[in-house]
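Notes follow once the structure below has been shown.
The values are calculated or read from the model by the stated rules, or taken from the named source; none is laboratory data. Since we're looking at a predicted model, the values are computed, not measured. All Cβ positions, even for glycine, are placed from backbone atoms using ideal geometry, and neighbour counts span all protein chains on display. Accessible surface is based on the protein model in full, side chains and every heavy atom, while ligands, DNA and RNA are left aside. Shrake-Rupley method; radii C 1.70, N 1.55, O 1.52, S 1.80 Å.
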Amino acid sequence: MAALGIGRAQTATFPGDQAANLRALARVTLPSAVDADAAAEGFARWVRGYRAGAEMDHGYGFTRLRTKPALPAANYMRQLAELGPEPSAEAVAAALDAAKTAELPRTPDGRHVASDLMAWYFRSSDANDLCYRAAIGRDKCRGLAGSENAPRELP
């Protein structure tokens with residue numbers, strides 16, 4: 001477990017020799033308007049910085065504290081190798097079925113790299129902006145200056 005960095009940032013070098021396969025997976029699973037290479041690198045950065053054991057937001061009125069589970073970066077690399085450099089939508093769907101992933105998790109849960117990549121992206125500020133075709137910046141810190149104006153439209 002220490003090799004995966006339990007309790008601190010992931011030490012497994014993700015995506016390692018599977019970087020091209022991760023980019024290919026992003027091209028298959030994310031909308032065509034998304035820069036798949038940038039999204040794959042963003043996901044890889046998120047995985048490398050993931051901290052198992054970090055306290056999770058418990059929300060107002062919930063007294064039970066929860067912590068983040070370990071994220072199986074090594075399994076991700078195996079799954080990427082299995083999907084290969086040119087995964088088809090059918091191969092990804094079959095892999096998700098085999099992992100018993102019927103819907104996207106609210107946050108990446110470690111079941112499969114494909115569902116976790118999609119969960120990471122589709123819950124992002126960039127995905128929100130793309131959906132509304134506007135520079136909303138949902139998760140970005142903005143000052144109040146200009147907040148009376150509608151967000152700038154995206155091309």
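Taking chymotrypsin sites (Phe, Trp or Tyr not before Pro) across segment 17-99, the ones in a DSSP loop with at most 15 further Cβ atoms lying within 10 angstrom of their Cβ are Y60, F62. In a reduced charge model with +1 at each Lys and Arg Cβ and -1 at each Asp and Glu Cβ, segment 36-92 shows a dipole moment near 460 debye about its Cα centre.
As a calculated quantity, the FRET efficiency between E41 and T63 at R0 = 41 Å, using C-beta atoms, amounts to about 0.60.
Here's how it looks for A134: its modeled amide H is under 5 Å from those of L154, which are all 5 or more places away or on a different chain. For segment 88-155, trypsin sites (Lys or Arg not before Pro) meeting the loop criterion (DSSP other than H, G, I, E, B) and having at most 16 other Cβ atoms within 10 Å: K100, R106, R123, R133, R138, K140, R142, R152.
Computed about the Cα centre, the dipole magnitude for segment 1-148 is approximately 560 debye when only Lys and Arg (+1) and Asp and Glu (-1) carry charge, each at its Cβ. With only the Cα atoms considered, the chain has a convex hull volume of 145 Å³ per residue. Ignoring ligands, DNA and RNA, what percent of the accessible area of segment 10-71 is carbon or sulfur (1.4 Å)? Carbon and sulfur together cover 51 percent of it. Residues in segment 25-40 carry Karplus couplings, in order, of 4, 4, 5, 7, 9, 9, x, 5, 6, 8, 6, 4, 5, 5, 5, 4 Hz; the curve used is 6.51 cos²θ - 1.76 cosθ + 1.60 with θ = phi - 60°, and Gly or Pro positions show x. Evaluating 6.51 cos²θ - 1.76 cosθ + 1.60 at θ = phi - 60° for every residue in segment 126-135, the Karplus couplings come out as 4, 5, 4, 4, 4, 4, 9, 6, 8, 7 Hz, glycine and proline recorded as x.
Derived from the Cα gyration tensor, the three semi-axes of the equivalent ellipsoid of segment 6-81 are 27, 17, 9 Å, largest first.
The slack in the chain from A99 to L144, taken as 0.36 nm per residue of separation less the alpha-carbon distance, amounts to 11.8 nm.
When the Cα positions of G137, L71, S88 are compared along the charge dipole of the chain, L71 comes out farthest toward the positive end, with charges on each C-beta of Lys, Arg, Asp and Glu.
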